[in-house]
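A short write-up of the structure that comes next.
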Amino acid sequence: MDKYQDEIAKIIANQASENSAKTLQSDRNLVTKHTLHDGTEIVIKAFKIPNLINKIAYRYFRKSKAKRSFEYASKLSELGIGTPKPIQYIENFNWLGLRTSYYISSFVSYELTYRELTTDFDIADHDAILRAFTKFTYSLHQKQINFLDHSPGNTLINRSAKGYDFYLVDLNRMEFEPMDFETRIKNFAKLTIHRSMIEIMSDEYAKCTGESYDTIFNMMWDFTQEFQNRYHRKRRLKNKILFWRKKKV
């Protein structure tokens, strides 16, 4: 929003000394929460400075992660899908290419994420949340939204009078296009390693689509195992390549 533009710019410029900031994430990207002068709570996502190739690519050939996040959030809002309200994105360039970039959205408080469903099976309405989440994912697919980072930490969940509200975050990898059946089922692959959860999601997705439960479960389980195997192969390879770092510790 234009009325916050100057204030947000000052926050970013003074972020290192910003006393009111609350850090929400600090691994690959820095995500911080701030309160503006009128009480509005916002989230600023500062993307990691890109490598040399991406500096050039993001200036001349591809949209930056910040710009994609803003545009995808706007598109989701138009389609009636929950996501923190997009406010603006900021890109800073130098002679070489993209230097720094930021995506700013409203802050959405939440009770849990999908991740808690994978670690706490004692949640009283665990089954109900999981089934509602599956219906939510089906609604994404029906609206031709392929959320490529459909992973445990990227869906915020709130209980409400109508049942459950879901909000997508970490939006820079998304496609808007018709999805065939295999692509739809593959979209569940990053969510959980637990067979019992996949059984419930398969059952609910079968109810949504009218497809065979056995077909859906077998595909979902195979895609999940395939993703896990690929993920752990990459981790092992990365550890071998970066073994020298451990020796320095």
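Quick look at the values:
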read-out	value
Net charge, Phe223 excluded, C-beta distance under 12 Å - Lys, Arg +1, Asp, Glu -1	+1
Packing-based exposure ordering (other Cβ within 10 Å, fewest first) of Thr40, Thr83	Thr40, Thr83
D_trans [Stokes-Einstein, Kirkwood Rh over alpha-carbon pairs] for segment 2-106, 25 °C, 0.890 mPa s, µm² s⁻¹	170
Dipole magnitude of segment 2-106, debye to nearest 20 (Cβ charges: Lys/Arg +1, Asp/Glu -1, about Cα centre)	560
Length-normalised contact order for the chain - Cα pairs under 8 Å, 6+ apart - percent	14
Dipole magnitude of the chain, debye to nearest 20 (Cβ charges: Lys/Arg +1, Asp/Glu -1, about Cα centre)	1780
Packing-based exposure ordering (other Cβ within 10 Å, fewest first) of His141, His37	His37, His141
Where N is the number of residues in the chain, Cα Rg divided by 2.2 N^0.38 Å	1.11
Sequence-distant aspartates and glutamates (8 or more away, or on other chains) whose Cα lies within less than 14 Å of Lys190	Asp149, Asp222, Glu226
Rounded to the nearest 20 debye, dipole of segment 114-242 from Cβ charges on Lys, Arg, Asp, Glu	700
Per-residue HN-Hα couplings for segment 68-76 [Karplus 6.51, -1.76, 1.60; θ = phi - 60°; Hz; x = Gly/Pro]	4, 4, 5, 5, 5, 4, 5, 5, 4
Ranking of Trp95, Trp221 by count of other Cβ atoms within 10 Å, fewest first	Trp95, Trp221
Charge tally in the Cβ shell below 15 Å around Phe121, where Lys, Arg are +1 and Asp, Glu are -1, Phe121 excluded	-3
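FYI, it's all coordinate maths here, none of it is from the lab. What you see is a predicted model; the values in this text were computed from it and never measured. No Cβ is skipped: glycine too gets one built from the backbone with ideal geometry, and neighbour counts run over all protein chains shown.
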